[in-house]
Amino acid sequence: MSMDDVTLDPSCPSEWDEARRAGHELVERVLRRIRDLPNAPCWQAPPPEALGALGQSVPREGLGIEQALAIAARAIEPYGTGNLNPRFWGWVIGAGNVAGMYGSWLASAMNANLFAGNQGPVHLELQVIEWFRSWLGFPSGSSGLLVDGGSMGNLLGLAVARHWATGGAVKTEGPEACRGLRIYGSVATHSSVVKAAQLLGLGTSSVRLLPTLPDGSADVTLLEAAIKADRRLGLRPFCVIGSAGTVGIGAIDPLERLRALADDHRLWFHVDGAIGALGWLAPPLRPRLAGMDTAHSLSFDLHKWGQVPYDAACLLVRDGTLHRAAFQEEATYLRALHGGLTPAHAHAFHSYSPLLSKVDRALKIWMTFMALGTDRIAAVFIRSTEQARWLATRVESHPDLELCAPVALNIVCLRYRGGVRDAGPLDDINRGILVALQDSGFCVMSPYELDGRFVLRVCLSNHRTRRADLEALVAEVASVGRQLSRRAAAAAR
Ligand SMILES: Cc1ncc(COP(=O)(O)O)c(C=O)c1O
């Protein structure tokens, strides 16, 4: 074989045949798996044999596509997060969808780099951002960027806010320009905001998180008092954060009032819409999010409630010029020309984030929305909130269960109560229920704590969940709770 013959593509008719067979088999298997999800365990831990298969050393001579895929089918595919299953309700994780999956496959096949240029995927990402800009009520002149998650959206939104607050000086002077800068939000603000402050050189102490109102939403009066007090101390309040759905219980902050607060005190208003922002697309839910469209920056996820396959999120910035100013850097090797792939008129995504190489997330979003349509997607949002309300009512009326927080959106926090009085054993029993239901493959909920009590958290951001799944959940939590409390009582005797 000459060096000229070296290729990583199939290199002879039999390899092309193998690639074709393997691809068709993969599509068939994946579709079968998705069709049969309701009868499959929600989650199962990878057994030792599977982990052993992953531990094989890499062969000098490749196994070929079919054999490698056969190992993946045995050792990886059955042991994912479990979030495709109708009974996955842990954390805030979406279930994906077939159209989006094909978008993902096609994007991977194109293998485009969206750093800049006159290329379809760049135009497509601009189009997808334009949808979100207009749907979510942002003005023209706003900019946007698809990112890997809400955490990155928050980080980049706050980076633009920091640029604004320092008049751009942070770019040249670094942390010196940021001395005394302060961010305000409620204690329910997502930890990614704190991480963002750390990464931006502002430090954890720059984030002031104030207690919430009883419904879990931000207390604007407390935020204002903190802002005024910090100003008196010579500090520099510069940003207020609102959550369109808090991670714990899905509370929605009073976004209109937060924007007014920002205006009164000349602050940047960033909304973390990772959980709930897309609810705006469902007319019955939109009034609950009033004011989200007034944010200076809005970060929201597509891979959660939006059901786009991982990873996909979006950042919108009201002032596109400022967004670009925060990240634009001159580099001779990136200069645009008068034509060709990178002409001067083409969009340069690398001027809107720290990243140069950029993966195509637009195709799977575009496929999801184009193939399914906004009505069908909005119907999922409405149904999730109805399911949350139904579950809350069912829990409230159940003699052995307790609803632990108000339900504003699609998250329900509950716990088994039975006849157990003491907090310690009750926490242990509920921890036991959560783990037992995960281990048995019945469902995945995630842990949470409210007022120092352990609670079971059910996040309904799964388009495959049906009422019967929730009915089964209520019965199962009560039944496992009774078993565990009997066991705890016997052990105490
Ligand atoms: C309110 C909120 N903000 C931000 C994030 C982070 O989003 P991601 O996991 O997409 O980075 C989450 C994740 O659950 C969240 O609930």
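What follows is calculated from the coordinates using simple rules that are stated; it is not laboratory data. Quick caveat: nothing in here was measured; it's all calculated off a predicted structure. Cβ sites come from the backbone with ideal geometry, for glycine too, and all protein chains shown count toward neighbours.
A few points about this structure:
- Where only C-alpha atoms are counted, convex hull volume of the chain per residue in Å³: 188
- Lone cysteines, the chain (no partner Cβ under 4.7 Å): 12, 42, 178, 239, 314, 443, 459
- Here the Karplus curve 6.51 cos²θ - 1.76 cosθ + 1.60, taken at θ = phi - 60°, turns the phi angles of segment 111-119 into couplings of 6, 6, 10, 8, 4, 4, x, 8, 9 Hz, with x standing for Gly and Pro.
- Per-residue 3J(HN,Hα) values for segment 236-251, derived from phi via the Karplus relation 6.51 cos²θ - 1.76 cosθ + 1.60 with θ = phi - 60°, read 10, x, 9, 8, 10, 9, x, 10, 8, x, 7, 5, x, 10, x, 5 Hz in sequence order (x marks Gly and Pro).
- At 1.002 mPa s and 20 °C, Stokes D of segment 99-191 from Kirkwood alpha-carbon radius, µm² per second: 131
- Euclidean distance of C-alpha centroids, segment 45-73 and segment 133-171, integer Å: 42
- Amide proton proximity set for residue 405, modelled H, under 5 Å, gap of 5+: 413
- Of the peptides 51-61, 362-372, the ranking by mean beta-carbon count within 10 Å, highest at the top, reads 362-372, 51-61.
- Table column - 3J(HN,Hα) (Hz), segment 152-158, Karplus curve with 6.51, -1.76, 1.60, x for Gly and Pro: 5, x, 5, 4, 6, x, 6
- Segment 336-371 versus segment 208-231: alpha-carbon centroid distance in Å: 39
- Take each peptide in 147-158, 11-22, 242-253, count the other Cβ atoms within 10 Å of every residue, and average; sorted highest first, the result is 242-253, 147-158, 11-22.
- Cα centroid separation - segment 379-421 against segment 470-489, whole Å: 15
- Global geometry of segment 217-352, whether rounded, prolate or oblate, following the gyration tensor of its Cα atoms and the 1.5 cut on a/c: oblate
- Residues with amide H under 5 Å from that of residue 450, placed H, sequence gap 5 or more: 455
- Within the shell of other residues whose beta carbon sits under 11 angstrom from the beta carbon of residue 428, the net charge comes to 0, with Lys and Arg scored +1 and Asp and Glu -1.
- Packing, as the average of other Cβ atoms within 10 Å across residues, places the peptides 487-493, 411-417 in the order 411-417, 487-493, highest first.
- Gain in span if fully extended, residue 11 to residue 195, counting 0.36 nm per residue against the direct Cα distance: 61.5 nm
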